[in-house]
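Here is the structure we will look at, set down as structure tokens.
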Amino acid sequence: MKKIAIINYGLGNLSSVYNALEFIGADPFLTEDHKELEQCDGAILPGVGAFGDGMAHLRDNGWVDAIHEFALEKQKPFLGICLGMQLLASSGTEHGDFDGLDLIKGTVVKLVTGDRSARIPHIGWNSVSGTDGKKSYVDIENGQDFYFVHSYVLEPEDDAVVSGKCSHGKEFIASVEKDNIWGAQYHPEKSQKSGLAYLQNFLKV
Amino acid sequence: MLKTRIIPCLDIDKGRVVKGVNFVDIVDAGDPVEQAKVYNDQGADELCFLDITATHEGRDTIIHMVEEVADEVFMPMTVGGGISEISHIRNLLNAGADKVSINSAAVKNPDFVKEAADKCGNQCIVVAIDAKAKEDGSEGWEIFTHGGRKGTGIDAVEWAVRMAEYGAGEILLTSMDRDGTKQGFNLPLTRAVSDAVSIPVIASGGVGTLDHLVDGVKEGHASAVLAASIFHFGEYTIAEAKQAMADAGIEVRI
């Protein structure tokens, strides 16, 4: 059974992620102590809230170096969900300019749809496409619906890291996959069957 | 494309569902987990729990309930009722809620919405508005608090715009004139609010037929529709509601 750390940095829907992992047969545990990453096979960075706040919480608790060591040096599976995915970026622009974890080169910007009928925040189920051949979408049909709740999006510099795209007024990046480092803008833990399948794939990294 | 959501709402008192689904296969109709599972299996897009206990003890109870539901059902949940402190919001989100709905506390102290949106992210702050036609007969709708018992003199459309400016991520709009009447949403109210803000608006209050759901979206311009009794009493399933919406040309998740 894979031991997966869920990073508790004060922001997030932790128990939902925990429950989903347990349901698919992983051994999840919540941790506030970055030293505990050492005993884990993988880690998830959840998160609900603002970019600057999220980074401040990570920095204050010594997570930034620990995550770099875990995901970059040791190349262990690392998944960011929602704000957690955005924090993977080099920088964010929500309420000011902030540095991110810089695990995925790119910037987090406000989703501007330019279309009044495409309301912001983007809340609800929307289809994710362009997923064929991606490790994170094995056994998930292209175009499946996932549950989104967000106003900002990650714009990666390198298209090669994009694992799924979505459209709301305009096209944006729904998920990224760079070797062992994954990010989902939607909530797999809330996306019923498709979401659980995504997490299942993460356990196989 | 973003799908239009159908959201069943459950009233919760002391951790138990008050108006439950009267389905034969349910062992305990008051058990929120059982109810949530039914709606989950029927393909509901979100669940909304409204805590009508709203006491201090009730707060811990609702958190346990959210934990129990989140333990078994992997779908989005909004929880409302008596939320007046940031700690309430944090605890509910940690327990597995995705959004919280704030009503009376927003009217009492509008800055609370600002603070909540700043600290917890605006996408998880829903402002619930209970509105009915102005009593003096003038045009428009007035908002009410405390479960509809207390008038405020505040115009519903102006309030929605202000709450969106303060950082609300969504408006849950209930027409009190229509609530429980099964005559359909108050469409002029729904459309007036939906057209005035750029955040999503959930229409609520008055649904009696599946056509009413369609009207809420097509004529009321709502982003999501919420209903209680037509689902509770098994008159229609969520799947039937979705089919009716799809037949009317509305994009839904099937």
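None of the figures in this text is laboratory data; all of them are computed from the coordinates on show. What you see is a predicted model; the values in this text were computed from it and never measured. Reconstructed Cβ throughout: ideal geometry from the backbone, glycine too, with neighbour counts over all protein chains shown.
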- Note on the structure: Phi-derived 3J(HN,Hα) across segment B:166-182 with the Karplus relation (6.51, -1.76, 1.60, θ = phi - 60°), rounded Hz, x for Gly and Pro, is 6, x, 4, x, 6, 10, 9, 9, 10, 8, 6, 5, 9, 3, x, 8, 6
- Query: Residue-wise, which Karplus ³J(HN,Hα) couplings in Hz belong to segment B:153-161, taking 6.51 cos²θ - 1.76 cosθ + 1.60, θ = phi - 60°, and x for glycine or proline?
  - Reply: x, 8, 6, 4, 5, 4, 5, 4, 4
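By the scheme Lys and Arg +1, Asp and Glu -1, what is the net charge of all other residues having a beta-carbon under 12 Å from that of B:Val207? Don't jump to the answer; show the numbers that get you there.
Values: positive: B:Arg178, B:Lys182; negative: B:Asp179, B:Asp211, B:Asp215, B:Glu235.
After counting each charged neighbour, the total is -2.
Return A:Ser175, B:Ser101 ranked ascending by Cβ neighbour count within 10 Å, so the fewest neighbours appear first.
Numbers: A:Ser175 29, B:Ser101 25.
The order, fewest Cβ neighbours first, is B:Ser101, A:Ser175.
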- Item | segment A:83-159 shape via C-alpha gyration tensor axes, a/c threshold 1.5 | oblate
- Task: Find the cysteines in chain B that fail to meet the 4.7 Å Cβ criterion with every other cysteine, and list them.
- Result: B:Cys120, B:Cys124
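Once Rh for the protein assembly as shown is found with the Kirkwood sum over Cα pairs, what is the Stokes-Einstein diffusion coefficient at 25 °C and 0.890 mPa s, in µm²/s? Show your work: numbers first, answer last.
Numbers: Rh = 22.1 Å.
Answer from the Stokes-Einstein relation: 111 µm²/s.
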- Message: Going by amide H atoms built from the backbone, whose H comes under 5 Å of the H on A:Trp125, apart from near neighbours?
- Response: A:Phe148, B:Lys3
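Can you give the Kirkwood hydrodynamic radius of segment A:3-204 from its Cα pairs, in Å with one decimal? List each step's numbers first, then the result.
Numbers: mean 1/r = 0.0606 Å⁻¹.
Here the Kirkwood hydrodynamic radius works out to 16.5 Å.
Counting only C-alpha contacts under 8 Å and six or more residues apart, can you give the relative contact order of chain B as a whole percent? It would help to have the intermediate numbers written out before the result.
Values: 541 pairs, mean separation 47.7, N = 254.
It comes to 19 percent, rounded to a whole number.
Please state, to two decimals, what the Cα-based radius of gyration of segment A:116-204 comes to when divided by 2.2 N^0.38 Å (N = residues). Intermediate values should be presented prior to the final figure.
Details: Rg = 12.2 Å, N = 89, 2.2 N^0.38 = 12.1 Å.
Computed over Cα atoms of segment A:116-204, the ratio equals 1.01.
Convex hull over the alpha-carbon atoms of chain B: what's its volume per residue in Å³?
Details: hull volume 28.8 nm³, N = 254.
Measuring per residue, one finds 114 Å³ for the Cα hull of chain B.
What 222 nm value per residue comes from the helices of the protein assembly as shown, counting each DSSP H run with n ≥ 4 as -39,500 (n - 2.57) and dividing by all residues, nearest 500 deg cm²/dmol? Walk me through the numbers before you get to the answer.
Numbers: 15 runs with 138 residues, N = 459.
Using -39500 (n - 2.57) per qualifying helix, the result is -8500 deg cm²/dmol.
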- Counting only residues 5 or more apart in sequence or on a different chain, those whose built amide H sits under 5 Å from that of A:Ser175 are A:Ser163, A:Gly164, A:Gln185
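Could you grab the relative contact order for chain A? Cα pairs under 8 Å, six or more apart, rounded to a whole percent. Don't skip to the end; give the middle numbers.
Details: 465 pairs, mean separation 39.5, N = 205.
Relative contact order of chain A: 19 percent.
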- Per GNM of chain A with C-alpha springs under 10 angstrom, the most fluctuating residue out of A:Gln192, A:Gln86, A:Gln39 is A:Gln39
- Task: At a Cα cut-off below 27 Å, give the lysines reachable from B:Lys3, other chains included and same-chain residues fewer than 8 away excluded.
- Result: A:Lys110, A:Lys134, A:Lys135, A:Lys165, A:Lys170, A:Lys190, A:Lys193, B:Lys37, B:Lys99, B:Lys182, B:Lys218, B:Lys242
- Query: Residues with amide H under 5 Å of B:Val18's amide H, sequence separation 5 or more or different chain, H placed in the peptide plane at 1.01 Å from N; which?
  - Reply: B:Asp11, B:Ile12, B:Asp13
- Message: Rounded to whole Å, give me the distance from the Cα center of segment A:119-171 to that of segment B:191-254.
- Response: 25
- Item | Karplus-derived 3J(HN,Hα), 6.51/-1.76/1.60, for each residue of segment A:63-73, Hz, glycine and proline x | 7, 4, 5, 4, 5, 4, 4, 5, 8, 9, 6
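Can you tally the net charge around B:Glu240? Count Lys and Arg as +1, Asp and Glu as -1, for every other residue whose Cβ sits under 13 Å from the Cβ of B:Glu240.
Details: positive: B:Lys242; negative: B:Asp211, B:Glu235, B:Asp247.
Its environment carries a net charge of -2.
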